[in-house]
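Heads up: the structure comes next, in structure tokens.
The values are calculated or read from the model by the stated rules, or taken from the named source; none is laboratory data. Only a predicted model underlies this, so the values are computations on that prediction, with no experimental measurement involved. We place every Cβ from the backbone using ideal geometry, glycine too, and count neighbours over all the protein chains shown.
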Amino acid sequence: MATEIKAPSFPESVAEGTVAAWHKKAGDSVERDELIVEIETDKVVLEVVAPEAGTLSEIKVEEGETCESEQVLGMLGEAQEKADEAPAEDEKQADDAEKKSDKGEKKADKPAASGKSHDVKAPSFPESVQEGTVATWHKKVGESAKRDEVLADIETDKVVLEVVAPADGALTEIKVEEGEQVESEALLAVFAEGAGGDDSASGEESADEGDEASAEKDEKVGDKILAPAARKLVAEHDLDASKIEGTGKGGRVLKEDVQKAIKDGSAKKAAKSSADKPASGGTTKAAAAAAPAVEGERPEKRVPMSRLRQTIAKRLVQAQQTAAMLTTYNEVDMSAVMALRAQYKDTFLKAHDTKLGFMGFFVKAATEALKRFPDVNASIDGTDIVYHGYQDIGVAVSTDRGLVVPVLRDTDSMKLADVEKTIVDFGKRARDGKLGIDEMQGGTFTITNGGIFGSLMSTPILNPPQTAILGMHKIQERPMAVNGKVEIRPMMYLAVSYDHRMIDGKDAVQFLVTIKELLEDPARLLLDV
């Protein structure tokens, strides 16, 4: 008897999902609780496992198609019937291949590819993401790929999404090049099962067809034939095409060849003197000689702004244009925190398997201050004020792609060790581009630490719709007057930027003073005073 394979029950905030990958094909045997299919929602990726042992007899929702909560995705059972059909299909394909060979058609010494093609589509983007950019193709046309191996990276203004191979095979056509924009579920490429490299004749034929198709747009520069993408790179970097070795069909110069030449620096044009340059148009030799001579190379590089960087820029400008932003400053003596940290850092590491840093103290101090000043923990929604009865604190993390702000949830209930562990995890996954969109949404307050880069003082910009942000800075020893005597103390400047539409100056100053007092006397955090 056939058993239904259903999508999981989605959370209330999730309306639908997308079938990201089937890990089994129709006719494949599966064991109980073995992973069969993955469902990607705008929040998380959900795994669907086999409810019992059997054979996947039917797939009702293909990869890339949307599904609703508890919708039937496929059928499990009828193992014998499918097992009988599979060999018959294989024999039919073998007979067809043999007939084609007898007719004199091109055939490789090794078995031919199955020929089944798949559309490689962009993932289904969350509602808050309108489009993405093809950041990197990890495979070229004709290059072998295993099932679930990463083919391409799609960069959105939130996260980097991976596009994986639907089966063993190879790309036969790339429809969207690197740097081009795509929408949700847009067609990126065509993928053929069994193709790739020297493994099959069809893979070679597909690659040849791709070369022939693209050759129509090729351009001959000197004695070199350049592909369109290669020609664009040569022009952008002002390279000598004759110095680039082509690895494509017939010595054709590909994009990868130009990228290699740029990295090696082997295709730079020879410097010409002004006397060697021919006069053209209305430019005379006298005018050329009058131009100031510049010695050495003056390289320039123009690259498109990443989608994350575009979003950061948009949000920063939006914050300054829509909020009445003001900043108040103070300074905190870090002696007590540093002494506490020095005393317990080894014990803390052994007990919690994580280092005791400074950020945990600031998060806990900010949490306590937010409880005492609810206006700072609120946000503005149109003409309404939203007061949050919880503290979700975003921690700014710098990556090569730009600044991201993952959120610590319910910091009031988190222990110091939990804060430190979570921040370390956020930092690692942010640099790897593995943070989920849901981890960067929401937040009632933000902390940014420019001190790790040496910043002594700055004015942080709000993270809308939040109404305040705390800026930490470098700890620097300075002479301070303490009880009528001059002492050298480790001091840090603090800054709180706030939306004056929501927060009065008095509350902002007192909020910052509260953080200062809690840090200068950490026992206050334990005693709640």
Before we move on, is Leu519 assigned by TED's automatic domain parsing to the domain that holds Tyr344, in a loop (DSSP other than H, G, I, E, B) and in contact (Cβ under 8 Å) with a residue 40 or more places away in the chain? no
Report those strands (runs of 3 or more DSSP E) wholly inside the range 307-391 carrying at least 3 residues which are out of contact with any Gly (no Cβ under 8 Å at 6 or more places or on another chain) and surrounded by 15 or more Cβ atoms within 10 Å (Cβ to Cβ). 325-333
Filtering the range 458-517 for residues that are touching a strand residue (DSSP E or B) at 6+ places or on another chain (Cβ under 7 Å) and among the acidic types (Asp, Glu) leaves a count of 3
Among what's in the range 216-252 and is closer than 21 Å to Val303 by Cβ and assigned to a strand (DSSP E or B), pick the residue that is modelled with the highest pLDDT. Leu239
Against the condition on the phi > 0 side of the Ramachandran plot, without any contact (Cβ under 8 Å) to a residue 40 or more places away in the chain and in the same structural domain as Met502 (by TED's automatic domain parsing), how does Gly450 come out, does it pass? no
Within the range 481-494, does at least one residue satisfy the condition of being assigned to a helix (DSSP H, G or I) and either farther than 25 Å from Leu356 by Cα or of a type in the set (S, T, N, Q) (or both)? no
Anything in the range 9-21 that is surrounded by fewer than 15 Cβ atoms within 10 Å (Cβ to Cβ) and modelled with pLDDT of 75 or more? List them, or say none. Ser9
When you scan the range 491-523, how many residues do you find that are surrounded by fewer than 16 Cβ atoms within 10 Å (Cβ to Cβ) and touching a helix residue (DSSP H, G or I) at 6+ places or on another chain (Cβ under 8 Å)? 3
Are there any pairs, at least 6 apart or on different chains, whose C-beta atoms fall under 8 Å, with the first in the range 129-149 and farther than 21 Å from Asp168 by Cβ and the second hydrophobic (A, V, I, L, M, F, W, C) and not in a strand (DSSP E or B), and if so, which? Val129/Ile437; Glu131/Phe125; Gly132/Ala122; Gly132/Phe125; Val134/Val176
